[in-house]
1. Distances longer than 19 Å among the Cα atoms of region B:218-335: what percent of all pairs is that?
2. Please give the Cα centre distance for region B:176-193 versus region B:276-335, rounded to the nearest Å.
3. Using Cα atoms only, what is the angle between the long axis of helix A:20-33 and the major principal axis of chain A, expressed in degrees (0 to 90) to the nearest 10?
4. What is the sum of charges, Lys and Arg at +1 and Asp and Glu at -1, for the other residues whose Cβ falls under 10 Å from the Cβ of A:Ala262?
5. Which of rounded, prolate, oblate describes region B:84-146, given a ≥ b ≥ c as roots of the alpha-carbon gyration tensor eigenvalues and a/c under 1.5 marking rounded, otherwise prolate only if a/b is larger than b/c?
6. Using a 10 Å cut-off around each Cβ of peptide B:113-122, what is the average number of partner chain Cβ atoms that fall inside?
7. What angle do you read, to the nearest 10 degrees and between 0 and 90, between the alpha-carbon axis of helix A:112-121 and the longest principal axis of chain A?
8. Can you give the net charge of the other residues whose Cβ lies under 11 Å from the Cβ of A:Lys44, counting K and R as +1 and D and E as -1?
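Nothing in this text is a laboratory measurement; each read-out follows from the coordinates by a stated rule. Because the structure is a prediction, the values reported are computed rather than measured. Positions of Cβ are generated from backbone atoms using ideal geometry, with glycine treated the same way; all protein chains shown enter the neighbour counts.
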There are 2 protein chains.
Amino acid sequence: MTGDAARVSSLGTPALLVDSQAFEHNLSVMAAALPGPRLRPHVKAHKCTAIARRQARAGHASFTCATVREIEQMAAAGLGDDLLLANEVVDARRLSPVLAAGARVTVAVDSEPTIEAAARAGVPEVLIDVNVGLPRCGCAPEDAGRLADRARARGLRVRGVMGYEGHAMALTDREKRVRVVEESMRKLLDAHGRTGGTVISAGGTGSYDINPFATEIQAGSYVLMDTAYAKLDLPFRQALCVLATVVSVSPGYAVADCGLKALGMDHGNPSIEGAQVWFCSDEHITFKPERPVRAGDRIRVLPAHVDPTVAYHERMHLVAGDDVLETWPVDLRGW
Amino acid sequence: MTGDAARVSSLGTPALLVDSQAFEHNLSVMAAALPGPRLRPHVKAHKCTAIARRQARAGHASFTCATVREIEQMAAAGLGDDLLLANEVVDARRLSPVLAAGARVTVAVDSEPTIEAAARAGVPEVLIDVNVGLPRCGCAPEDAGRLADRARARGLRVRGVMGYEGHAMALTDREKRVRVVEESMRKLLDAHGRTGGTVISAGGTGSYDINPFATEIQAGSYVLMDTAYAKLDLPFRQALCVLATVVSVSPGYAVADCGLKALGMDHGNPSIEGAQVWFCSDEHITFKPERPVRAGDRIRVLPAHVDPTVAYHERMHLVAGDDVLETWPVDLRGW
């Protein structure tokens, strides 16, 4: 049964597949563009320590996390050399045992309560999180110096600043994207002038090659990709899909077993090559195929947004043709 | 610490909360309207055997499932008196051990391959799944007799028909909903005339009181509810919310830790009472509160669609005020 279990064609569905060629391509293109610590891979996109380990082997030993759970599990997996919680928390107590076990953890702070939380949990290092144009977390650039002083007064080491230009990521017009990234980074550099420190952390897959202002880029999606990022002019290949089985065929359309609980839907419907997607239900995708399909046929569904797609799945499979090379637990899910 | 852990105010966030008053209200209103086997609760909405057990105690001993995993786990939890897999599968082998362990399992079939899959797995009973207007699974009504004959020829017992009028569920105009339900059920009754059997299974939360044609109703959302169903004129109360913590406050808006990985987004943004939701990111919700909030404040986020929201969470908490009465694993997730 081992041979049987190692075939894509015998996997239960829905199943997350990672195409090994595209995956290796994405790893190496990024490692060449942003070698070593120039990239601080964001694990929120893949939520998988096995992939993080591959990124570490490609030279990137420092990581970005979005949740305390991600920090805990990355450290437990031996990937705790330099973990950044690029997110605000008002209760950081769960980080204390992670630090005690020897991991290096830095947290983002943008207010006195978040500085207090870090200090109380014994987190020694922080980045001042700066709002560079996306209405989310982060202080005003002109407030960064005051917060850095406050953090230092509480005994924290200020490593520098962080600011995510998320409002630039989806701009398909490259010139406009370049312009918005630069405007955003001017704010971050202004803040950095007020805080000091050596780190200027920013960016993502959509700005990895047009953000020379940051000392490190927090890209995550590049390694698996999705159809939203595929609209940009990026050299990364779609490595992730959801394998599904056609379970019902009617005149003019068919239905496969990949629905709303297997797909992040905030960016809209997924895609199927050679088919038009009509809609998704909880456990189904209804689509119009260009060529006839039969119950039992396998199809590949390309998610519109990688992060919330991966978060639904327990595992993903690295595949080459019909071979399952490795099966990885999605072990950074939850909170 | 037991006392501390049993307070809502000390739960880590994001966390799924179930308001016990609303939950009990929903259970009892439904049990009065559709007592005993008139309701075959759909577990896909809550994915939680603890809730299924409460539904069984309210008199409903037969259940609807959407996945093989749901069947397996419901049977393992001792809730296998009469489980319907209301979904097509072309590989039913995992049902064999469930049957061998004593559960009663019926599967929906709409084609020869799905009949073959049931027969090969030793599943003894089927419903003929009929397309009543929603472009998803189900055969044409006029094909139901042929498939029933085919199933019987393969040694299967045909318990009757099933047909989900999902295209009627979201119609806020009650008269129109009544009309579409009736049109759909005419098709199902026509099919039933061709198949025989005692079961006519259909319906959902949006049609539970306007579908007198079916012998049993497959409602699931009623017990937890969401903001989409709240737009209908139903007597069920919003029992489910996601508890979140404000982590960042800026002039004009605030950010809490409940994002795309904690919310089903296919029905659009969630809601927050006393606030306007701007957008959700992977781990954040950005909103404009009517009154000032501070970092550390708790808010309650009301999901637009219950099913894909619950599927992201490991557990949910039954609460009354600040008391956590019970904590339930969401143990029917995955496939």
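1. Of the Cα pairs, 48 percent sit more than 19 Å apart.
2. Value for the Cα centre distance between the two parts: 37 Å.
3. 30 degrees
4. -2
5. prolate
6. That average works out to 2.
7. Here the helix axis deviates by roughly 90 degrees.
8. Net charge in that neighbourhood comes out at 0.
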